[in-house]
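Below is one structure, written out as structure tokens; comments come after it.
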Amino acid sequence: METQTLRILLIVVTYQLKKIEATVSEGRPKEGGVRLMGWSSSNSGRVEVYHSGAWGTVCDDGWSLTNANVVCKQLGYPDGASTWEESAYFGKGEGPILLDDVTCTGRERYLADCENDGWYYNNCDHNEDVGVRCIPPESYYPRLVNGSRWYEGRVEVWIFDHWEGVCSYNFYHNEARTVCKQLGYKDVEHIFDPALFGDNFDLVTSVYFDCDTHDKSLSNCDQHQRPNIECEATAVRCLQTDESLSRGAIFGISLAILTFFILCVVTCVTLDRNSDQRNRTSSPNVVFINGTESSSRQRSDSSRLSSGRYRQLSNIDNGPVPPSYYDAVFGPLYNQNLDPIDPSTQHSA
């Protein structure tokens, strides 16, 4: 009983600590986070990166549309960028120039993961600050923000030209499942207390969604004007799709299965060979027919043999077998009384 009570207390304390941590860190950017500045539209602007407690700009040297796509997808725009702008098109930034000579492959989740010269290393000034234009998604396209993993976080949706948090009013399993499916995941795994991902999000949708089990997009759900009540932005964790299993993991599992199969085959062959070897080298079960054991008077102890025909006993065939060498040579020489006889008078056994 005491153990169960302590366990419950531990869960409660852990939950409260997480809430405190989220409250303290709310509004604080994440290391490597990006934002767009200097433009009236939220989907376009100067690229800025957060590093070591400060925002800084990115130099346009070696910039490409692939780089711009990584920035926009990190910001939650599923279709990436339409174009990018050089030479401080969206205005000069302030503070440090954090990255230069950035080269992305397009597979990176974060701009900071792309190849670059290193933090603060550059040969630029703010006249070369780079900017991007992201492609706005369809209305009510969702994204997950502030999560420690890409498949969890506070739910926000794109409305006209900006992101808004989804009101937790009437946000249940069907609505959460629709968000996850629209983002490409298999299902929803958990609906969180919004406080875990920052609950001071001022801009929250004025509508609420009513989805059924078959909806695959929030735009397909019924939208209703929410009551004039205070509500928080909701948060979810999605269940990853089967395809999220990496190629490396698939290769490793396949290799393990193949290795196990090979070991089974080798083990079976080895056991079969050992069994066959034991059958051929072990002493046979012998029964003597019409013969007697020779006496030490006739032979030395080191060569004591038995007279008479014998056959090896077998579980497969207990029938007659040809006489052995000793049966053929010594068997006729002795009778049961161990008296020598003339071999020429004996018939073949």
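The values are calculated or read from the model by the stated rules, or taken from the named source; none is laboratory data. Note that the structure is a prediction, hence the values are computed from the model and not measured. We place every Cβ from the backbone using ideal geometry, glycine too, and count neighbours over all the protein chains shown. Please note that ligands, DNA and RNA were not included when accessible areas were found on the heavy atoms of the full protein model with its side chains. Shrake-Rupley method; radii C 1.70, N 1.55, O 1.52, S 1.80 Å.
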Output for Cβ contacts, cut-off 8 Å, separation at least six or different chains, first residue assigned to a loop (DSSP other than H, G, I, E, B) in the range 233-246, second surrounded by fewer than 17 Cβ atoms within 10 Å (Cβ to Cβ) and modelled with pLDDT of 75 or more, reads Gln240/Lys186; Thr241/Gly184; Thr241/Lys186
Criterion first (at pLDDT below 80, open to solvent by less than 20 Å² (accessible area, probe 1.4 Å) and hydrophobic (A, V, I, L, M, F, W, C)) does Ala235 satisfy it? no
Ile229: passes all of (1) at pLDDT below 85; (2) of a type in the set (Val, Ile, Thr); (3) surrounded by 15 or more Cβ atoms within 10 Å (Cβ to Cβ) but (3)
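Could we say that Val132 is open to solvent by less than 60 Å² (accessible area, probe 1.4 Å) and in contact with a helix residue (DSSP H, G or I) (Cβ under 7 Å, 6 or more places away or on another chain) here?
When the stated conditions are applied, Val132 passes them.
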Of the listed residues (Glu164, Glu175, Glu138), the one being open to solvent by less than 20 Å² (accessible area, probe 1.4 Å) and more than 29 Å from Gly62 (Cα to Cα) is Glu175
Among residues of the range 112-158 being of a type in the set (A, V, I, L, M) and modelled with pLDDT of 95 or more, the residue nearest to Asn69 (Cα to Cα) is Val132
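Here is a yes/no grid of residues against (1) assigned to a loop (DSSP other than H, G, I, E, B); (2) closer than 28 Å to Ala235 by Cα; (3) open to solvent by 20 Å² or more (accessible area, probe 1.4 Å):
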{"residue": "Phe90", "(1), (2), (3)": "yes, no, no"}
{"residue": "Gly95", "(1), (2), (3)": "yes, no, yes"}
{"residue": "Thr105", "(1), (2), (3)": "yes, no, yes"}
{"residue": "Glu108", "(1), (2), (3)": "yes, yes, yes"}
{"residue": "Ala112", "(1), (2), (3)": "no, yes, yes"}
{"residue": "Trp119", "(1), (2), (3)": "yes, no, yes"}
{"residue": "Gly147", "(1), (2), (3)": "yes, yes, no"}
Counting only strands (runs of 3 or more DSSP E) entirely within the range 1-69, those with at least 1 residues that are within 33 Å of the chain's Cα centre (by Cα) and either at pLDDT below 90 or buried (at least 17 other Cβ atoms within 10 Å of the Cβ) (or both) are 34-37, 44-51
